[in-house]
Structure formats: C-alpha cells, structure tokens
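Input: a single structure, listed below in structure tokens.
Taken together, the values in this text are just the output of simple stated rules run on the coordinates, not laboratory data. A quick note: this is a predicted structure, and the numbers were derived from the prediction, not measured. Positions of Cβ are backbone-derived with ideal geometry, glycine not excepted, and every protein chain shown enters the neighbour counts.
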Amino acid sequence: MVVSAVAVVVLVVSCGFPQTISVKQAIGGEKNIVTADISHNDEQRLKYFFFEAVSQQNKGNFDAAFDLLKHCLVINPNAPEVYFTIASYYSGLGRDSMAMQAMERAAVLNPKNDVYIERLAVSYVNTGNFDKATDTYERLYANNLDRTDVLGILVQLYDRQKKYDKMISALKRLEQAEGCNEQITLSKMFAFSMKGDKKSEFNALKQLADKYPNDLNYRVMMGNWLLKNGREDEALNEYDAVLEQEPDNVSAQMSMLDYYKKEGEDSLAQATMERILVSEKTPTASKIHLLRQVVDENERVGAGSMEVINLFKRILAEPQETPEMTILYAGYLKLKEYPRDSIDAVLEQALEIAPDEVGTLLQLIQSAWEKKDFDRILKLCRRAQQYNPDEPAFYYFMALAYNQQDKIDEALEATRRGVAVVNDQSNKELVSDIYGLMGEMYHEKGMEKETFEAYDNCLMWNSENIGCLNNYAYYLSLTGNGLQKAEQMSYKTVKAEPNNGIYLDTYAWILFMQGRYEEAKTYIEQALKNYDSPSADVIEHAGDIFWKCGERISAVEYWQKAVDAGGNGKVLKKKLKQRKYFEK
C-alpha cells in the first residue's frame, strides 16, 4: 500500500445548485483573456449582467441567475468567468457533459486562472477521466511550483493508473520541495517495488538512513528489507550495528527475533523473545503484540499453557504502569478455563494499577453475579462509582443486586441515580434496561402512574426492549384499560420469541381480557407447552380461558392444579370451591 506524501484530499464537487459566491471568486485573481475584441458598450453590458447574475445567485434566485448567465454568453461567447459559473448550473440540472464543456472552456480561455484549472481537474477525477486529470494537475503545478499538495494528488492518481515512472517523477519533485522523509521514501519504495526494481527500492531506503544516521529505526528498516529479500547476512549486520549502539532498541530486538525464527535457531529465538518481554524498556504495546503471537503459536501447536503462564508471571513480576498486561493475563486464564477465583485475583491486581478501569470492574461484577454474591456486587459498584460517577452501568448493577435482596427502596434509588447521569452518548440499550428495572420497582411499590412513565421512557430509548414490552402490556391489561395498546406490545414479544412461555401467557391473557377466548386458548396452550413448570398464575389463567371457551371440566382441573402449584388467592379458592368462574 502506498503511504501518501500528503493528506488525502476529497476529490468531490457538489452536484447541487451553486452556493453563494462573490464576483471575485467567480473571476479569480487573474485578468481574463478575451479572444475577440468586443465594444466598450458590450464590455459594460457584460459586467452589468454578470454582476446581476451573481447577485441573483447569492439571493437564491437560481432560475433568474441562469437566464442572466446565458444572456452574458450572447454578449460575449468568450467570457471565462461566465462559463465557470454556469458550469455548476448544468451540473445541478444533470447535464454533466455541458457542465464539463463549460469548465473546459473556462480553463482554455483563462489558462492562468488556478481556480478554473483546479476545478476542471477535480471534475475529471470525479468522472474517472484520470489521463486528463493528471494532465490538468500537471498544468496547475507548472503554474504554482509551491503547491506540493498538487504533487501529492498526482502521486495518488499515477498510483491509481499504475503509471509508476510518472509516480516516481512526482515523488522526486515532492522530495526536492520538502526534503527526504519517511512518507516519501516509503511511497518511492512501493513504486520501485511495483516496477520490480529492487536495487532502486533499497537505495531509496538507504538514502533515508544515510540522511538521518541518528535514527536507528531506519537501519532496522534496512535490515528488515534485506531479510525479506533473502540477504540474511547483510540483515544481521544491520541489526548487530544497531544493537551495538543501542542494546535495548526494541525494533532491532524484534527484528532479531524474526531473523532467528527464519534461520531455525529456536533457542536463540526463545531467549530473545523472553528478553524483550521482561525488559522494562520494552513498551507495553510491543509486549502485548508479541505475547499474542506467542499465545497464537502455542494454541496452533496444541502446547500446554504453563509456558505462557510462566511468561506472564515473569513479566508481571516487574512493576506495571498500566493494567493492559494484567488484563491480558486474565483473558488468557479465562481462555484456558482456569477457576473463576484465579481470574478474579488477577483482575484485582489490574484494579490496583488502574482503579477506574471500567472493563475490569464490569468483569468482576459479572463474576460476582454468577456466584450470586450480591454483597460483593454492591461493594464493587460503590467502588466503581467513586472513580466513574457518570457511568450508568454501575447504578444498574447496584439496583439489580438490591432487587435480589428485596431492598426495593434502595434498588429504586439506584435506578434514579443511574438515569440522572445519562447523556446523549450513553448506551441506549443500557439506559432502556435501567428504566425498565425502575418500572418494575415502581410496580412492586404499587405506584401505577410512575410504573407506566418509567416504561414509556424505557421504550423511548429502545422501542424493541422485549422484556419491557411484555411487562408493560401485562400490567396495562390488569388495569382493564388500553387493551389494544397492550395487545400490540405483547404481540411484538410473541413475534420476537415465539417459544417464550412468559410472553405467550401474557398475550393469551390480553386476548382473554378482550373477549377473544378461542384465540386466547390457542396461545395459553402454547404457553403451557413452553414452560417446564408453569406458575400458579399461568395455570389459573388457563382455567379462566378454558371456562370462557365452555370447557368447564378442564377449567376446574386447571384451577386445582393452580392451587397445587402454590396458588392461594381468595378468588382462585372461590372458583375451585364453587366450580365457577369469578372475576378478580
């Protein structure tokens, strides 16, 4: 891949109607070249109508401006500023060929106007006419030898056309203007490589290394090129020369590691790798990159994990300034299915280095959740909130833990604190879940209005929150109001998870409340099939639905099963005793 010598430019021209412009922008800085004399009177008329066209354009009166521009060309068919301005109108009307002709005409009539030439070049690029684009950019550069950005564009275009000789020519001109640097050198090397000219490719790199003898990384790059091209002895000489001057040079050591691997010198490769990994002078990013290679190779050959674990331990025996290596170790232990306590101990070490590390805290919370250690979750969440007071996730998990401990007021307060720190950048699904949990807490406290307000907020953040849709629909149906809205929400859940017994029961119950008994029976039967052990409420629902369908014996049997499953409501007992349906 080519490393561009300049920032990539956006070679796109708007296809819409013109933006507001000034007369100076339209005419450019150069005196217009008129190919045929016109009378003084016509010259004044041209100026008047052109200025008026620009004025109308700036007011947004594009139809009037377009007509005035066409009139200008009647007065003087060789007015470059008119062709330049009218080109945008043709483009906006979808008449691309006429737009291009107008741009070309403007550039021919005023070949010194850089604005015209550059716009024409961009138009050629946008239409894929790269030959004309490069010719036009070359003209532009010839007019402005200080425009190195134009040379950068030419480099990209010649690369795209696979014209590597011309690409090299542009790079050499760029090098003359800016001096030899890494980006230009890499681009030259690429072009020489594509030509198959390895000698010139290497010489370009050597020229860079010779110019900056104190930057040993260029010597390492030379060694890498030599190693890649089968010149191992010369590569080794370069690496040795660098390490003689700078024994801890990480790039040279990494390259030596590649050299030993290529030469099959496994023991030297292993020793070099360990030296790099345990050195305090090796950047953490380099260690992590190398360790991942070690892990991948270890997994590929099916070797045991102790070699890798011992490497981690040797590395972590040294003081760590950042937690990345410790987190990577925890990830490796998880990969090898080590006990959760062992992984958590390593994550705790990571927190000692970076107590505000969100990902590590969340992993520990997840571990505690799996163990149902809710006190530990609360402790971790309090700790996390000290360092990350604006992270909603830690209030959410705190609320979940309190809820599991039946501390409804504390759980509700945690959700309130969580939504208080929400902003536009917050995770929408998480915020939705917090509001959904808040709705559950309000329902537990019998606060109907607040329950539905929380659910509305939940769905505002995530309209597809299936759990919320189910609960909202069910609680709404219990009020006897908004049954159509409840049915629509519940139907979404059944469509999303057609084998979920809870959602099927809710939908069946709403259909029952709407008097659609046969449909309700179909869904309650599906619900019962998808439950391992349905609750007393679900079984009671089945009894009520079967009663309304005229299957009285089955209804009574379901009511009895509901009692056997732990149901002890007064209405349920009354239905069973009198063998008759009663509304709650």
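A few remarks follow.
- If the segment from residue 162 to residue 341 were pulled out straight at 0.36 nm per residue, it would be longer than the present Cα-Cα gap by 58.6 nm.
- Under the Debye formula (equal points on every Cα, no solvent term), log10 I(q)/I(0) of the stretch 230-351 at q = 0.10, 0.18 Å⁻¹: -0.35, -0.97
- Near-label residues of the stretch 356-397 by backbone N, under 16 Å of a point 7 Å along Cα→Cβ of residue 410: 369, 372-385, 395-397
- With Cα atoms, 0 to 90° folded angle of helix 198-211 axis to the chain main axis: 90
- When the GluC sites (Glu not before Pro) in the stretch 336-397 are filtered for DSSP coil states and for at most 15 other beta-carbon atoms within 10 Å of their beta-carbon, the remaining sites are 337.
- Projected-area average for the stretch 484-584 over all orientations - Cα convex hull basis, square nanometres: 5.8
- Within the straight-line cut-off of under 20 Å between alpha carbons, the lysines reachable from residue 166 are 132, 188, 195, 198, 199, sequence neighbours fewer than 8 places apart in one chain being disregarded.
- Sites listed here are chymotrypsin sites (Phe, Trp or Tyr not before Pro) in the stretch 211-310 whose DSSP assignment is loop and whose Cβ has at most 11 other Cβ atoms within 10 Å, and the list is empty.
- Estimated from helices alone, the mean residue ellipticity of the chain at 222 nm is -23500 deg cm²/dmol (sum of -39500 (n - 2.57) over DSSP H runs with n ≥ 4, per residue).
- Pair residue 178, residue 570: separation of 7 Å Cα→Cβ label points (nm): 8.6
- Checking (i) 33.2; (ii) 41.7; (iii) 36.1 against the coordinates, the calculated mean projected area of the Cα convex hull in nm² falls under label (ii).
- Two-site label geometry, residue 55 and residue 169: point separation in nm, points 7 Å out along Cα→Cβ: 4.9
- Think of the chain as having a plus end and a minus end, set by charges on the Cβ of Lys, Arg, Asp and Glu; of 226, 255, 66, 66 sits farthest toward the positive end of this dipole.
- Sparse-neighbour loop sites [GluC sites (Glu not before Pro); the stretch 278-333; at most 16 other C-beta within 10 Å; DSSP]: 280, 321
- Estimated inter-spin distance, residue 428 and residue 485, nm [label 7 Å along Cα→Cβ]: 2.1
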